[in-house]
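Quick notes on the structure that follows.
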Amino acid sequence: MSEKDKTKTDNIYANQLDKVESFSFNQRVVDVFPDMITRSVPGYNEIINGIAELSSMFAKSDTNVYDLGCSLGAVTLAIAKGASETPINIIGVDNSNAMVKRCRDKVSAYSYARNVEIVEGDINHFECKNASLIVLNFTLQFIEPEKRQSLINRLYQELVPGGVLIVSEKLKHEDDRVNDAIIKMHHNFKRKNGYSDLEIAQKRTSLEKVMLLDTQQMHHQRFHRAGFSSSSLWFQQLNFASFMAIKD
Ligand code: GEK
């Protein structure tokens, strides 16, 4: 099987576990990741395609474009294709060794992704240089909440004027009634995609301490505190959304 097609069905939480460990991006997750993320995140493919389009508009010649928390490189590859007319370097960063290894194999299978480098590192300490576009596609929600503002502050500084930050996140809602209703709709989405109630419940427990959500308002406030004069939602499906913030 080629690197392009290597994906297995996610059944990590299919059987009752004695103890549900906190979620981590280990080899087991890497092996099923494309299946897991497309069956769990409403609008995932639309967001990836949208980022490809946005990269064709905002990636600037002779700059760097960053995919922070790149996992298996879906965003990296989308940018390589979307901005193929523009001479840029694309750098994907992830702190999971298992993800980075598989991502490098995957990227090397695509001839249009020769301008890509995949780096193993913690995005809290990774310096982006001369960046016209920085993407955190469902990564910020895994960063400790107290580190999020300083990370976004630094990314603002590292963007060139006119540079764009794209942040996709699962959101929580201020109003508990809305929150509960949308969570139920998300669980229905997962059921329709073949996950059982047991899988949904065990996955939820595993994420409880490692994926901490912000409201839409918290994201806008954070972008504005960092210096962005403009931040907008360009995509939302249920409680999954993507923002773009532009540096003047
Ligand atoms: C996609 N963007 O397919 N430093 C670097 N990487 C990190 C850090 C950190 N501090 N914390 C978490 N990660 C991808 C999906 S998944 C989202 C992103 C999800 C990495 C982590 O190892 C994982 O690969 C990724 O962020 C989050 O568009 O699985 O819901």
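Ligands, DNA and RNA are left out, and with a 1.4 angstrom probe the accessible area of the chain is 48 Å² per residue. Hey, what did the range 102-189 get for relative contact order, percent, Cα under 8 Å, at least 6 apart? Value for the range 102-189: 30 percent.
Which of rounded, prolate or oblate describes the range 35-104 when judged by the alpha-carbon gyration tensor and an a/c cut-off of 1.5? It comes out oblate by the Cα gyration axes. Using C-alpha pairs under 8 Å with a sequence gap of at least 6, the mean separation divided by the residue count of the chain gives a relative contact order of 22 percent. For the residue pairs Lys106/Lys129; Lys172/Lys209; Lys106/Lys190; Lys19/Lys101; Lys129/Lys247; Lys170/Lys209, the alpha carbons lie more than 18 Å apart in Lys106/Lys129; Lys106/Lys190; Lys19/Lys101. Net length available on complete extension from Ser24 to Gln157 is 44.9 nm, with 0.36 nm assigned per residue and the Cα-Cα distance removed. Does the range 97-248 come out rounded, prolate or oblate, given a ≥ b ≥ c as the square roots of the eigenvalues of its C-alpha gyration tensor, rounded meaning a/c under 1.5 and, failing that, prolate meaning a/b above b/c? Oblate is the answer for the range 97-248, as a/c is 1.5 or above yet b/c matches or exceeds a/b. Taking other residues whose beta carbon is less than 14 angstrom from the beta carbon of Ala181, and scoring Lys, Arg as +1 and Asp, Glu as -1, yields -1. Answer rounded, prolate or oblate for the range 32-168, using the Cα gyration tensor with square roots of eigenvalues a ≥ b ≥ c: rounded when a/c is under 1.5, else prolate when a/b is larger than b/c, else oblate. Note, shape of the range 32-168 comes out rounded.
To put it simply, the accessible area of the chain at a 1.4 Å probe is 49 percent carbon and sulfur.
The values are calculated or read from the model by the stated rules, or taken from the named source; none is laboratory data. Computed from a prediction, not measured in an experiment: that's the story for all the values here. Because the Cβ atoms are built from the backbone with ideal geometry, glycine has one as well, and the counts that use them run over all protein chains shown. The protein model used for the area step is the full one, side chains on, heavy atoms only, and it has no ligands, DNA or RNA in it. Shrake-Rupley method; radii C 1.70, N 1.55, O 1.52, S 1.80 Å.
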